[in-house]
Every structure is written in C-alpha cells, then in structure tokens.
1. For region A:11-31, check the following and say yes or no: at least one residue is in a loop (DSSP other than H, G, I, E, B), at positive phi and either within 14 Å of chain B (Cβ to nearest Cβ) or modelled with pLDDT under 95 (or both).
2. Find the strands (runs of 3 or more DSSP E) located wholly in region B:34-95 whose residues include 2 or more that are at pLDDT below 95, and list them.
3. If I filter region A:82-95 down to residues being touching a residue at least 60 places away in the same chain (Cβ under 8 Å) and touching a Ser or Thr at 6+ places or on another chain (Cβ under 7 Å), which single residue comes out as farthest from B:Asp56 (Cα to Cα)?
4. When B:Pro81 is evaluated against the numbered criteria (1) more than 9 Å from chain A (Cβ to nearest Cβ); (2) under 13 Å from the mean Cα position of the chain (by Cα), which criterion, by number, is the only one it fails?
5. Assuming B:Arg98 fulfils every condition listed in (1) over 13 Å from the mean Cα position of the chain (by Cα); (2) crowded, with 16+ Cβ neighbours inside 10 Å; (3) basic (Lys, Arg) apart from one, which condition is it?
6. Tally up the residues in region A:35-66 that are more than 30 Å from B:Arg109 (Cβ to Cβ) and either within 14 Å of another protein chain (Cβ to nearest Cβ) or not in a strand (DSSP E or B) (or both), please.
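The values are calculated or read from the model by the stated rules, or taken from the named source; none is laboratory data. Small disclaimer: the values here were computed from a predicted structure and weren't measured. For neighbour counting, all protein chains shown are included, and Cβ atoms are generated from backbone atoms with ideal geometry for every residue, glycine included.
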Amino acid sequence: AQSVTQLDSQVPVFEEAPVELRCNYSSSVSVYLFWYVQYPNQGLQLLLKYLSGSTLVKGINGFEAEFNKSQTSFHLRKPSVHISDTAEYFCAVRAPQGGSEKLVFGKGTKLTVNP
Amino acid sequence: DAGVIQSPRHEVTEMGQEVTLRCKPISGHDYLFWYRQTMMRGLELLIYFNNNVPIDDSGMPEDRFSAKMPNASFSTLKIQPSEPRDSAVYFCASSPDRRGIQYFGAGTRLSVL
C-alpha cells in the first residue's frame, strides 16, 4: 500500500523567508503527486500537481515542487513567504496503474508565517 | 461554477440521533469522494463513487455509516446512530477524471454531544 510521509508537522517561519515543506512517498511504480493547501475553516484546494514531464512543477501563489524519483520525494518550496501563506499543506499521491482513483494524503504540515 | 456545495456547514446533535450530510458536486464531474478529518487521524477517505456507483467503501468506519448517490448532482452521508467519536469535519470532493485533481467543498463540522 502506498504511503506519504510529511516529515514536519509544524513549520514556523518569518515573513519573506524561504520555506521548504518535505514530502516522501513509498511507491515502486510511477505516481501522480499533489500538494493541496487548506486555509483555516476551509476545504482543501489544489496548489500544484505532477503528472508527467518536467520534474519541476510550478503552482499557484509562487509555490513550486520538485519530483525526485530516486529519492521518492516531492518537496514544496517558496522563496519568500507571506503572512497569507499561513495554512496547512498536504502532500498526496496516486498510482495511476493501481486501478484505484484514491488519493493517499500525508498527515499535513502546518505552516505559520510570523511578521 | 459554484464549486462543491456541502450542507449544513455546522451540525450539533446528541448521541444516538441520525445525522445526514449533503453534497452537490461540480456539474460534469464523474467522481465523488467523502472524507473525514480529525486532529488524531488526519484526512481519511470514507467512500468514493464513480458515475453514481460506490466503488470503494473500505474506509467507512462501521455499519452506522452509509452513503448514497441517487443522481449525478447529489450525495448524502448518513450516520445512524451518531456517537461522540464521530465528531469531525466531513468533506465532500468531486473530480472530473482519474488523475487525482479533486475539488473540495467547505466541509461540515459535526459535533455529537
């Protein structure tokens, strides 16, 4: 069974600092990878996705992620964060060959951006 | 499009009562997912449908939970009888295809007293 590990449950940073949220997955087959963001009292929304092609993926709000197959990682980065980036971020994986449309989500990383 | 619409946004009920959560997916989306989110267990998939047919209900915690999708524009998640441990935020999401891009509703916050 697939699993997703988000190594940090909480990440505090100062405004305008860079940030990296780490995500590792376990799968021996090709995968689709996603980052979703959840703002307080809201549902999740898609931040970016890797389906195929370039391993560097750009998403909304200045975020990007790099797919590293050898390290089975999909870390999320932003060079300069804003207060409004405070939210919980979820990494998710789906194996397209598996026959299931289920996404497997990590436990989430709470990003807090301080002034 | 208005997005995925869930109702009610908040539900407070007493143990033993029946609870029905509702979801209207985005028009044209073939997949509908029900999730539960708690601090302890994170985001759990309960059940998902494809073209109104339940495909995988292995995440449904027990027989007290049931879900239906009578047509392409409506789904319900029912808990009968409810228990305090069912307190959580329940999300509905829909997807246009199998790639995994899901659109979430705002959720229903359920409190069972």
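1. no
2. Output list reads B:42-50, B:53-56.
3. Among those that are touching a residue at least 60 places away in the same chain (Cβ under 8 Å) and touching a Ser or Thr at 6+ places or on another chain (Cβ under 7 Å), it is A:Tyr89.
4. Of the numbered conditions (1) more than 9 Å from chain A (Cβ to nearest Cβ); (2) under 13 Å from the mean Cα position of the chain (by Cα), the odd one out for B:Pro81 is (2).
5. Condition not satisfied by B:Arg98: (2).
6. 8
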